[in-house]
Each structure stands twice: as C-alpha cells, then as structure tokens.
Amino acid sequence: MAQLERLRYFVVAAEERNLSRAAKRLYIAQPSLSQQIKRLEGELGVELFKRTRKGLDVTGAGQLLLSRLRPVLLELDDLLAAVHEAGSPAGHLTIGFTPAAGGPLMQRVLRAFAADFPGVTVELKPHDFTDTSAGLRSGLVDVAFVRRPITGAGLRFMDIITEPRVLAVAADDRFADRDVITINEAFDEPWVTMPVDDPAWRDFWLATEYRDRPAEPGPTAATPDASFLSVAAGRGILLTRRSIAARYESEGVRLIDVADVGPSIGAVAWRATHETRLVRAFVTAARRIAMANHGDAAISAPGNPTPASGPPAT
C-alpha cells in the first residue's frame, strides 16, 4: 500500500509541476512529499522529474508512467469498490475513527445513518493516533471520522465540528491555577508526543506554526489514556481538545484555555475515488446533523480547503 500511495503522490506532483502546490493539494508537508518522490524514483530506478528553478519538469520516463498510471489507478479504484459492494449485497459500510474524532456529533451521525438505512450492516473500526486517516489511506475503511489536518492523496473532507484547543497539564503543574495561557508560555515544557508518521498532524498538535524553536521532547503515547496518564504524572503537557480531555479532569489533569491558537476541526473523510452509494449516503447524513447542530457544514478537498474560520465552535 505504501508504494501505491507514492504512485498517487507522483500523479499529483506531475499534474501540478510544482512541489509546493502539490503538497498543499495533498495536505502533506513539502519535504515529506519530496522524500516520497525520491523514494519512488529509487524503487523504480529512474528519474521521474527534473528539478528546475521554476518547478518540476516531467522526464520521458515520468511521462510514460503518468500516461499509463492514471487509467490503472482509476480501474483499480473501480475494481475495489465493485468487489466491496459485490461482497455485501445487503449493504455494508466500514467506518473508521480516531479517538473522539467526531466529538459529541459522532453518535448522532451514526444514529441518523442507521435510521436512513436500517438494512445496512455498519462495521466500526477504531484506530489510534498512529493512523491519523483511521484506515482511509490503506483502504481498510469506506469512510472515517478524523481530525484535520491529515495527509493523504485524494481524500475529501466534510467538516462537522470545530472545537478550541486546550492545554492539559498536571494538577500540580506551575500553570495549573491559570484559566488562560498563551501558547508561547508553554514552549519550555516537555510535550507529550504521538507516534505518527503524518507531519501535518504532528505539527498541528505541537503548535509548530507558533514556535521559534523545536518542541521539548516528552513521553510518546499512542492512545488518550496513555497521553493523559503521562500528563497526570507530570511527565509532559499536551495540546488537546476539551471533548476528549474532559473525562480525565478528575484524574489529576487540569485543562487550560489557550488564547492564541486556532481550533481543531473534526470531519467526515472519504476517498474521492471510492464515492459509493453508501459513502454518499453517510456523508449526507453527517451533513444533515452538522447543519442541525450549527447551521453550517463545509466540504473540502485537496486544492479547495475549508476557510480557517469553519463552523462555530461546539
């Protein structure tokens, strides 16, 4: 699956002829995209691009790969969708999710879809923070509740909930008596980190865009329980969401509002090449719940990001 994703990255880079634009379209950091392209060139033993001051020139080998690869990827996606539906004649939808990704709306969306399609079998697949796409990138699920930003070629998103980010600290931490903090005040503390290979997601939760120096490394934790246990033990602090952290407040964790960082956006996500009848129906149900909750729901895709303001916080 890793090589298949690199092939999809290549197609976008070849279409854009510019690594920066391609990276934005893919929701991936530019150095990471460059590394993936170089790895693909190494695997194939050919040069696919010539790097120039203006961007990328596709080589002869790259042009050949691009012309043959596009129809192959389309056919593969159609085949996978057909096999999936053929194996589930009564209707089957596999839904991935990362911890509390949909916040309080997740259960309501699931109930709404079940009411619309009572005969469809729904399979829920939980994922920890090692897979920020909740199984979408590897094709293990049809649709997923995720937290943006995440990296992945050809993913589409519909934002359903916006929540402020808060800082979790130990109950005896030096900041514990504060109601509000600015993010730069916390940069000298060790930060709990997640074992993810998604640079966009990792940087978002380390508040990298606000930093003038690297984050102080703290413990690594792949699950909420491990993360907040590390916080309660005084081993590090954590930028998080109140909807996922509230249950830990009575367990030695204190939550502090952060005055100057943007919010976290929860979304329903799916692969643009796997928009089956049931996927579209699920997205429709999610949109209905989101609009009933705050009067707005926005679809975004590579090259068409949702405005930063998003729906009102809930």
### Query
Checking A90 against (1) in a loop (DSSP other than H, G, I, E, B); (2) surrounded by fewer than 22 Cβ atoms within 10 Å (Cβ to Cβ); (3) modelled with pLDDT of 85 or more, which test does it fail?
(3)
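Filter region 101-121 down to the residues that are aliphatic (A, V, I, L, M) and buried (at least 20 other Cβ atoms within 10 Å of the Cβ) and list them by number.
The first filter runs over region 101-121 and keeps only residues aliphatic (A, V, I, L, M), leaving 101, 105-106, 109-110, 112, 114-115, 120.
Those that are aliphatic (A, V, I, L, M) and buried (at least 20 other Cβ atoms within 10 Å of the Cβ): A101, L105, M106, V109, L110.
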### Message
Among the residues in region 126-140, are any part of a strand (DSSP E or B) and at pLDDT 90 or above?
### Response
yes
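State yes or no: is K38 more than 14 Å from G152 (Cβ to Cβ), in contact with an Asp or Glu (Cβ under 6 Å, 6 or more places away or on another chain) and either in a helix (DSSP H, G or I) or modelled with pLDDT of 90 or more (or both)? Walk me through how you get there before you give the answer.
Working: more than 14 Å from G152 (Cβ to Cβ): yes; in contact with an Asp or Glu (Cβ under 6 Å, 6 or more places away or on another chain): no; either in a helix (DSSP H, G or I) or modelled with pLDDT of 90 or more (or both): yes.
Criteria not met by K38.
How many of the residues in region 143-156 are more than 20 Å from T223 (Cα to Cα) and either modelled with pLDDT under 95 or surrounded by fewer than 20 Cβ atoms within 10 Å (Cβ to Cβ) (or both)?
Start the filter on region 143-156 by keeping residues that are more than 20 Å from T223 (Cα to Cα), which leaves 143, 152-156.
The next check asks that each one be either modelled with pLDDT under 95 or surrounded by fewer than 20 Cβ atoms within 10 Å (Cβ to Cβ) (or both); those that pass are 152-156.
Residues meeting the conditions: 5.
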#### Entry: Per-region count, region 204-223, residues at pLDDT 90 or above and under 27 Å from E251 (Cα atoms)
8
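How do the strands (runs of 3 or more DSSP E) wholly within region 234-278 filter down when requiring 1 or more residues that are within 26 Å of R137 (Cα to Cα): which remain? Step through it out loud before you land on a result.
Numbers: elements: 238-241, 253-258, 264-271.
Ranges flagged: 238-241, 264-271.
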### Task
Could you tell me which numbered condition V196 fails, if it satisfies all but one of (1) buried (at least 20 other Cβ atoms within 10 Å of the Cβ); (2) assigned to a loop (DSSP other than H, G, I, E, B); (3) among the β-branched types (V, I, T)?
(1)
### Message
Among the numbered criteria (1) among the hydrophobic types (A, V, I, L, M, F, W, C); (2) buried (at least 19 other Cβ atoms within 10 Å of the Cβ); (3) modelled with pLDDT of 90 or more; (4) in a loop (DSSP other than H, G, I, E, B), which one does I28 miss?
### Response
(3)
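Take the residues of region 216-275 that are of a type in the set (V, I, T) and surrounded by fewer than 16 Cβ atoms within 10 Å (Cβ to Cβ): which is nearest to the chain's Cα centre (by Cα)? Break it down into steps so the answer makes sense when it comes.
Going through region 216-275, the residues of a type in the set (V, I, T) turn out to be 220, 223, 231, 237, 240, 244, 253, 256, 258, 261, 265, 268, 273.
Going one step further and asking which of them are surrounded by fewer than 16 Cβ atoms within 10 Å (Cβ to Cβ), we end up with 220, 223.
Values: T220: 19, T223: 16 Å.
My answer is T223.
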#### Entry: Residue that is nearest to E5 (Cα to Cα), among those in region 51-75 that are surrounded by 11 or more Cβ atoms within 10 Å (Cβ to Cβ) and of a type in the set (S, T, N, Q)
Q63
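The values are calculated or read from the model by the stated rules, or taken from the named source; none is laboratory data. Everything numeric here is computed off the predicted structure, so don't read it as measured data. Using ideal geometry, Cβ is built from the backbone for each residue, glycine included, and neighbour counts are taken over all protein chains shown.
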